[in-house]
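> One structure follows; several queries about it will come next.
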Amino acid sequence: MYDIVIIGAGPAGGSAALFSAKAGKKTLLIDNDKSMTKRAWMENHYGVMEISGPDMIETGKKQAAKFGAELVTDQVTNIVKSEQGLTVETAEKGSFQTKHVILATGVLVDLAEKAGVNTKAGTEPRIKTVVDVDAQGKTNVEGIWAAGTCAGVSVHTIITAGDGAKVAINVISELNGARYVDHDVLKTN
């Protein structure tokens, strides 16, 4: 049983997995390797002079794995309610039990709709439909959250990464029963 399964390893999903794993939560990051970030070149991501989308995604996956996140490359086909929480079904690697799911599926909302999650019209250029979330990132389906472009935030990687972190912190806080904060301090010699 996972605490959190994140679907999509672009900036929102990778960031959510990093925060979740670093907080000690049993985390699974499932990615279909089709992120639109794989086609991107960024020179507007604060703290990074320039980076290709593929390099950003690989760095994010490595950061999440460093803290214990498990990574699976597969297509998620469905999310269904189970006795313990949710079951995430994949095309090839079977099913995974979890307490919470964070959708970070970029421009795709078909999986969310199949799981009974409400959607609404998007406001960003070329993003027609997004997942309907509250300020915390919760959807109308208990245990399913959404972050990044699929949740209606700007497609810019720095914004989607921040949204993924925000939603992960909210899920972690709910799991802990108290507000979670992750601050590292510079070590002095």
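The values are calculated or read from the model by the stated rules, or taken from the named source; none is laboratory data. Since this is a predicted model, take the numbers as computed values, not measurements. We place every Cβ from the backbone using ideal geometry, glycine too, and count neighbours over all the protein chains shown. Ligands, DNA and RNA are stripped out before the accessible areas are found, and what is left, the full protein with its side chains, is counted by its heavy atoms. Shrake-Rupley method; radii C 1.70, N 1.55, O 1.52, S 1.80 Å.
> Run the quick spin-label model on residue 50 and residue 182: label points 7 Å from Cα toward the beta carbon, then report their separation in nm to one decimal.
Between residue 50 and residue 182, the simple spin-label model gives 3.0 nm.
> Then there's this: Please list, in chain and number order, the residues 5+ apart from residue 144 or on another chain whose amide H is under 5 Å from its amide H, with Hs placed from the backbone.
101, 139
> For the chain, give the share of DSSP beta bridges that are antiparallel, in percent and rounded to the nearest 5; count only bridges with both residues there.
Just about 50 percent of them are antiparallel.
> Based on DSSP H assignment, which helices of the chain show an axial Cα extent of at least 24 Å together with a mean Kyte-Doolittle hydropathy greater than or equal to -1.0? Show your work: numbers first, answer last.
Values: long enough: 157-176 (28 Å, 0.73).
Once both thresholds are applied, what remains is 157-176.
> With a/c under 1.5 counting as rounded, go ahead and sort the range 82-189 into rounded, prolate or oblate using the C-alpha gyration tensor (a ≥ b ≥ c being the square roots of the eigenvalues; past the cut-off, prolate if a/b is larger than b/c, else oblate).
Verdict is oblate for the range 82-189.
> If packing is taken as the mean number of other Cβ atoms within 10 Å per residue, what is the order of 49-62, 133-146, highest first?
Values: 49-62: 15.8, 133-146: 18.6.
Ranked by mean Cβ neighbours within 10 Å, highest first: 133-146, 49-62.
> Taking amide H atoms as placed 1.01 Å from N in the peptide plane, list the residues 5 or more away in sequence, or in a different chain, whose amide H sits under 5 Å from that of residue 2.
97, 98, 99
> Next up: Summarise the accessible area of the range 1-142 (1.4 Å probe, protein heavy atoms) by the percent that is carbon and sulfur. Let's see the in-between values first.
Values: 3600 of 7340 Å².
Ligands and nucleic acids excluded, carbon and sulfur reach 49 percent.
> Tell me the relative contact order for the range 42-189 as a rounded percent, counting alpha carbon contacts under 8 Å between residues six or more apart.
15
> Which whole-angstrom value gives the distance between the alpha carbon centres of the range 121-189 and the range 87-117?
16
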